[in-house]
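Engineer: Structure incoming, see below.
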Amino acid sequence: QVQLVESGGGLVQAGGSLRLSCAASGRTFSNYAMGWFRQAPGKEREFVVAISWSGGSTIYAHSVKGRFTISRDNAKNTVYLQMNSLKPEDTAVYYCAATLGGVTETRLGYDYWGQGTQVTVSS
């Protein structure tokens, strides 16, 4: 089992920045590829970004490329999501997820999920 806890969400004005963190505990964090997903009200959960176990490979959704950056610190068992130039359409609950498989943007490919953190971007 892997437990994931997200933090860092909040309310920010359009154009602002937030940094989300996801702290992992349980199994060996460095074995897992990690992803961030988000879910807006009335919408399906969608892929945002993912990073391989080493940090050497990343995948970004087109909608966030150039604005969001994923990183990880295996010594701290933590993955980060730096979000810049935020837009109102980025408003959602953001979830981190872990998989023993390779880095993937497929939701079903993830084995463990956090509870989510709310990000609200005002216009």
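The values are calculated or read from the model by the stated rules, or taken from the named source; none is laboratory data. Note that the structure is predicted; figures quoted are calculated from it, not measured. Heads up, the Cβs are rebuilt from the backbone with ideal geometry, glycines too, and the neighbour counts pull from every protein chain shown. Ligands, DNA and RNA are stripped out before the accessible areas are found, and what is left, the full protein with its side chains, is counted by its heavy atoms. Shrake-Rupley method; radii C 1.70, N 1.55, O 1.52, S 1.80 Å.
Engineer: Report whether or not VAL2 is β-branched (Val, Ile, Thr), closer than 18 Å to GLN115 by Cα and open to solvent by less than 60 Å² (accessible area, probe 1.4 Å).
Structural biologist: yes
One line per residue, one yes/no per condition, for (1) over 21 Å from SER123 (Cβ atoms); (2) in contact with a Cys (Cβ under 9 Å, 6 or more places away or on another chain):
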position	(1), (2)
LEU18	no, no
GLY35	yes, yes
VAL49	yes, no
ILE59	yes, no
MET83	no, no
GLU105	yes, no
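Engineer: Something else: Write out, first by first residue and then by second, each pair whose Cβ atoms fall under 9 Å of each other, whose residues are 6+ apart or on separate chains, and whose first residue, in the range 51-65, is at positive phi while the second is surrounded by 16 or more Cβ atoms within 10 Å (Cβ to Cβ) and of a type in the set (A, V, I, L, M, F, W, C).
Structural biologist: Taking only residues 6 or more apart or on different chains, the pairs are GLY55/ILE70.
Engineer: Taking only pairs six or more apart or across chains, which ones have beta-carbon atoms under 8 Å, a first residue in the range 37-48 that is touching a residue at least 12 places away in the same chain (Cβ under 8 Å), and a second residue that is in a loop (DSSP other than H, G, I, E, B) and small (Gly, Ala, Ser)?
Structural biologist: Going by the 8 Å Cβ cut-off, the qualifying pairs are GLN39/GLY116; GLU46/ALA61; PHE47/ALA61; VAL48/ALA61.
Engineer: I'd like to know if the range 105-119 contains one or more residues that are in a loop (DSSP other than H, G, I, E, B), open to solvent by 40 Å² or more (accessible area, probe 1.4 Å), of a type outside the set (D, E, K, R) and more than 19 Å from LEU18 (Cα to Cα).
Structural biologist: yes
Engineer: Could you grab the pairs with beta carbons closer than 8 Å, sequence gap of 6+ or different chains, first residue in the range 100-119 and over 17 Å from PHE29 (Cβ atoms), second one of a type in the set (S, T, N, Q) and open to solvent by less than 90 Å² (accessible area, probe 1.4 Å)?
Structural biologist: From the range 100-119, the pairs are GLY109/THR99; GLY116/GLN39; THR117/SER7; VAL119/THR91.
Engineer: Okay, next question. Among the listed residues THR69, THR28, THR58, THR99, which satisfies the condition of being β-branched (Val, Ile, Thr) and out of contact with any strand residue (DSSP E or B) (no Cβ under 9 Å at 6 or more places or on another chain)?
Structural biologist: After applying the criteria, what remains is THR28.
Engineer: Would you point out which residue out of GLY55, GLY66, GLY15, GLY101 is assigned to a loop (DSSP other than H, G, I, E, B) and either in contact with a helix residue (DSSP H, G or I) (Cβ under 6 Å, 6 or more places away or on another chain) or among the aromatic types (Phe, Trp, Tyr) (or both)?
Structural biologist: On the way: GLY55 fails: either in contact with a helix residue (DSSP H, G or I) (Cβ under 6 Å, 6 or more places away or on another chain) or among the aromatic types (Phe, Trp, Tyr) (or both); GLY66 fails: either in contact with a helix residue (DSSP H, G or I) (Cβ under 6 Å, 6 or more places away or on another chain) or among the aromatic types (Phe, Trp, Tyr) (or both); GLY15 fails: either in contact with a helix residue (DSSP H, G or I) (Cβ under 6 Å, 6 or more places away or on another chain) or among the aromatic types (Phe, Trp, Tyr) (or both).
None of the others qualify; the one that does is GLY101.
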